[in-house]
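First comes the structure, then the notes that go with it.
The values are calculated or read from the model by the stated rules, or taken from the named source; none is laboratory data. Being a predicted model, the structure only gives us computed values, none of them experimental. Cβ placement follows ideal geometry from the backbone for every residue including glycine, while neighbour counts extend to all protein chains displayed.
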Amino acid sequence: MKMIFKIAKTELQSLFYSPIAWLLLVVFAYQVGMIMSGMLEDIVVRQAMGYESWRVTTIFGELFGNVQGTLYFYIPLLTMNMISRDLSGGTIKLLQSAPLRNAEIVLGKYLALMVFGLAMMGVLLFYVLFGVCTIQNIDFPYVLTGMLGLYLLLCAYAAIGLFVSSLTSYQVMAAFGTLFILAMFNYVGGVWQDYEFVRDITYWLSIRGRTEEFIYGLICSEDVLYFLIVIFLFLTWTVYRLINRVQKRSWTTRWGIYLGVFLVSMMLGYMSSRPALMAYHDSTRTKSNSLSKNSQEIVALLDGKVKITTYTNLLDKDFWSTLPNHINFDKETFRPYTRFKPDMKIRYVYFYDNANNPELEEQYPDMSDEERAKQISENYGVPFSIFLAPEKMREIEDLSAEGNKTIRVIERENGQKAYLRFYFQGGWKDSPGEAEISAAFKRLVSEVPTIGFLAGHGERNIYREGDREYKRISSDKNTRSSMINQGFNIEEVYLHSSLPDSIDILVISELRSPLSAGEMNYLQEFIGRGGSLFVLGGPGRQELMNPIIEQFGVRFMPGQLVQPTPLLQADLIQSVPTDEGVAYWSDLDYIRKNEGCVAMPGCVGLEYTPIEGITVVPLFSTDTAGCWNRIVATDFVRDSVYYTPETGDQAGIFTTALALTRDVNGREQRVLVAGNTDFLSNGEFATGRREVRNFNGILKHAAFYWLSHEELPVNTAGDSPIDRKLYIGEAAMEVWSIVFMVVIPVILALAGIIIWVRRRGR
């Protein structure tokens, strides 16, 4: 060990007496300073404009992400002469003839590189200390974890560079060789991913992205061991490279040793990547890299084996993301879940069948489904033999009810199944996130709520695509936020008889014909047993809807609310959260903080009278000015709208949505009433208005979450961050930018010049 330190000391002296090492530090400091200045200036400007930051500490994640993308440029220049210099100058013979082991030579030189790496980390540490002094409640463990990842990456790069330096006496060749191998390690993860027997090997070998989890505050044993294994592999190869220079061995022995070390490393790597042997530590204050508590509780209930099968249809849209060459990338979707359930099996099955994809008619006209599938497989370089024919596929899993779409099927060993779909937003395929995955798992471990949408009286239809209908928020399997994809069962119900006990939430959306006496009795039966009720009304429907809600002390006001603005139609009401609503539903605070609203085209006001035993909470209301209730019918498209009290117009602030609760048989009954029906319509969710900060989706999500007694959608929200402020003004930032990009690099440059001049004078 003593000799290792002596060699390390000698190499460090050589490094810091050379202009190259100091030049690298100066360039590195300037790069970091430039990146940091740009990000801090953005935050300072936003704060000056009155905007609040979410997690200021994440600037270090962005900084480290930029640094790790360029770090491999520094290493070749640093390592190119570590051993090649000794080879060209002949000093390697002196070292090997001295009472030194080759391992000591290699470890001594590598230790010097590790210390220089600490010097580079010292530059980053300056900015970390700056953050400690200027960021409100900085998430310090998060930052240190990112630095650990960068340092491990640098050490791995150094081990690779040291080995390449031992291969040649030409320093320039060593530099280019190191750069080449580092490039190979960055891109090998995408090589041979079509072939199952080598897919996992090349994917594991890739160094690309290995620091990502560190940078964002997650330490995984697999990533730590990866860096240690890579370091072990290349340092061992370097030692044997030096041994082979002085010992005459056959080429089979030499290559056998290299291969043996490689195989041992691969075996260790394979073991480290087994989910059951992996350990994690989320260092973030809010545990943002881990499943939410609710998701963890759901996964904990999944006793027994769970299998997730992705069925990929070659004739579906955007099928390529789950092809064999993308399997390892796709599996990352479930990595947060295998962390808590390591025995979860993930498999892939490929087939072709008609998926009602109109694009195929244009691209491959006058072809059968089989002919199209063969052509597509050829175009993508995938063997057609792996794709099951429609009849074979139906024997395994009949997906006709799902339109033969690419889909995941989650199955427990007891035979229970749940579907996990892909979604299309803006024409792009989108994978399910935590909320959707956890909702699918929840279907397997508990009874999920059922939403019944009343039909038979002109209500909004949950299966049609029209603008006024409700398909997008209820039964649309292609939409992420639809309630069916958030875990609910969805049904269309009629009041021809008693509603089934399975109906937990009943939605009544703007009757166009009155309920009969019998239908009203069945409705009262549902209300009497404490079922949740969501009633949505609108202009001209008050007489039909009021009999339903008057028993709760609520009425839809006569007339219609108007809110004229220069660029919008007067009947578009921009409802804002009330103080009571924000206190009652935390989700509404997000709307208020973002100065948003819920867009309600065609809205009536709500009035209510207190009734003993019923608690009423106004959730939304009209804005404080410029809104009134208009009694006289108006053509809002053709006519100008003016406030005319003589015709019955009444100005004020009007409630547009409210929540009611009462005790029914020891259980809290929940009723939600809204003076507008269109805010949940297909058309409204497809409409974009630059003048309106529309948050209808948040109200929809919060409404069904509350009505289901917080069962669904699965609440995946974590703790709110507390590092939300930077204590720097604009004037001070200008000074600090000069310090970061000029002063610090100049100080390092002067230190290097002074040491170099003093060395030259000796």
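Annotation note: of VAL598, VAL582, VAL616, VAL576, the sole residue that is without any contact (Cβ under 8 Å) to a residue 12 or more places away in the chain and either more than 23 Å from SER509 (Cβ to Cβ) or assigned to a strand (DSSP E or B) (or both) is VAL582.
Within region 122-146, being more than 22 Å from TRP736 (Cα to Cα) and among the aliphatic types (A, V, I, L, M) holds for one residue alone: LEU144.
Being buried (at least 19 other Cβ atoms within 10 Å of the Cβ) and touching a residue at least 60 places away in the same chain (Cβ under 8 Å): is that true of VAL641 here? Considered against the rule, which asks whether it is buried (at least 19 other Cβ atoms within 10 Å of the Cβ) and touching a residue at least 60 places away in the same chain (Cβ under 8 Å), VAL641 comes out as no. Residues that are in contact with a helix residue (DSSP H, G or I) (Cβ under 8 Å, 6 or more places away or on another chain), of a type in the set (S, T, N, Q) and part of a helix (DSSP H, G or I) occur in region 688-696; there is at least one.
Every test in (1) over 28 Å from the mean Cα position of the chain (by Cα); (2) over 29 Å from LYS2 (Cα atoms); (3) in contact (Cβ under 8 Å) with a residue 40 or more places away in the chain is passed by LEU129 save one, and that test is (3). Screening region 214-248 for residues that are of a type in the set (S, T, N, Q) and modelled with pLDDT of 85 or more and picking the one that is nearest to PHE64 (Cα to Cα) gives SER221. Contact annotation: residue pairs with Cβ atoms under 8 Å, 6 or more positions apart or on different chains, pairing a residue in region 644-661 that is closer than 30 Å to TRP585 by Cβ and modelled with pLDDT under 95 with a partner that is part of a strand (DSSP E or B) and among the hydrophobic types (A, V, I, L, M, F, W, C), are GLN650/TRP628; ALA651/TRP628; GLY652/TRP628. Only one entry in LEU323, LEU291, LEU315 is surrounded by 20 or more Cβ atoms within 10 Å (Cβ to Cβ) and closer than 30 Å to TRP54 by Cα, namely LEU291.
Taking the criterion of being under 23 Å from GLY149 (Cα atoms), in contact (Cβ under 8 Å) with a residue 40 or more places away in the chain and either more than 32 Å from the chain's Cα centre (by Cα) or not assigned by TED's automatic domain parsing to the domain that holds ALA159 (or both), the residues of region 234-278 that qualify are PHE234, LEU235.
Only one of the listed residues (GLY688, GLY752) is out of contact with any Lys or Arg (no Cβ under 9 Å at 6 or more places or on another chain), crowded, with 17+ Cβ neighbours inside 10 Å and at pLDDT below 90. That residue is GLY752. Where strands (runs of 3 or more DSSP E) sit wholly within region 449-558, those with at least 2 residues that are of a type outside the set (A, V, I, L, M, F, W, C), surrounded by fewer than 20 Cβ atoms within 10 Å (Cβ to Cβ) and at pLDDT 95 or above occupy 489-493.
What do you reckon, is PHE334 outside the structural domain of ASP223 (by TED's automatic domain parsing), more than 21 Å from LEU388 (Cα to Cα) and of a type in the set (Phe, Trp, Tyr)? In short, yes. Counting only strands (runs of 3 or more DSSP E) wholly contained in region 248-357, the ones carrying 2 or more residues that are in contact with an Asp or Glu (Cβ under 9 Å, 6 or more places away or on another chain) occupy 306-313, 345-351.
How many residues does region 249-272 hold that are over 18 Å from THR236 (Cα atoms) and either surrounded by fewer than 18 Cβ atoms within 10 Å (Cβ to Cβ) or modelled with pLDDT under 90 (or both)?
3
Here the condition is being surrounded by 18 or more Cβ atoms within 10 Å (Cβ to Cβ), aliphatic (A, V, I, L, M), in the same structural domain as TYR280 (by TED's automatic domain parsing) and part of a helix (DSSP H, G or I); of ALA183, ALA159, it holds for ALA159 alone.
Residues that are surrounded by fewer than 20 Cβ atoms within 10 Å (Cβ to Cβ) and either under 24 Å from LEU107 (Cβ atoms) or within 20 Å of the chain's Cα centre (by Cα) (or both) within region 206-220 comprise ARG208, GLY209, GLU212, ILE219, listed in sequence order. Anything in region 578-612 that is modelled with pLDDT of 95 or more and small (Gly, Ala, Ser)? List them, or say none. The answer is GLY581, ALA583, ALA599, GLY605.
As a summary of the residue check, ALA599 satisfies the conditions (1) surrounded by 13 or more Cβ atoms within 10 Å (Cβ to Cβ); (2) within 31 Å of the chain's Cα centre (by Cα); (3) closer than 26 Å to GLY531 by Cα; (4) not aromatic (Phe, Trp, Tyr) except for the one numbered (3).
Would you mind stating whether SER586 is surrounded by 16 or more Cβ atoms within 10 Å (Cβ to Cβ) and on the phi < 0 side of the Ramachandran plot?
no
Whether a residue is touching a residue at least 24 places away in the same chain (Cβ under 8 Å) and in a helix (DSSP H, G or I) was assessed, and VAL188 does not pass this test. Taking first residues from region 526-550 that are within 25 Å of ARG630 (Cα to Cα) and partners that are surrounded by fewer than 18 Cβ atoms within 10 Å (Cβ to Cβ) and of a type in the set (D, E, K, R), the Cβ contacts under 9 Å between residues at least 6 apart in sequence or on separate chains come to ARG541/ARG512; LEU544/ARG512. The number of residues in region 672-687 that are among the hydrophobic types (A, V, I, L, M, F, W, C) and outside any helix (DSSP H, G or I) comes to 3. When ALA389, ALA373 are checked against the criterion of being small (Gly, Ala, Ser) and crowded, with 16+ Cβ neighbours inside 10 Å, a single residue qualifies: ALA373. Scanning region 601-613 for residues that are in contact (Cβ under 8 Å) with a residue 24 or more places away in the chain and either over 13 Å from PHE654 (Cβ atoms) or among the aliphatic types (A, V, I, L, M) (or both) yields PRO601, GLY602, VAL604, LEU606, THR609, PRO610, ILE611, GLY613.
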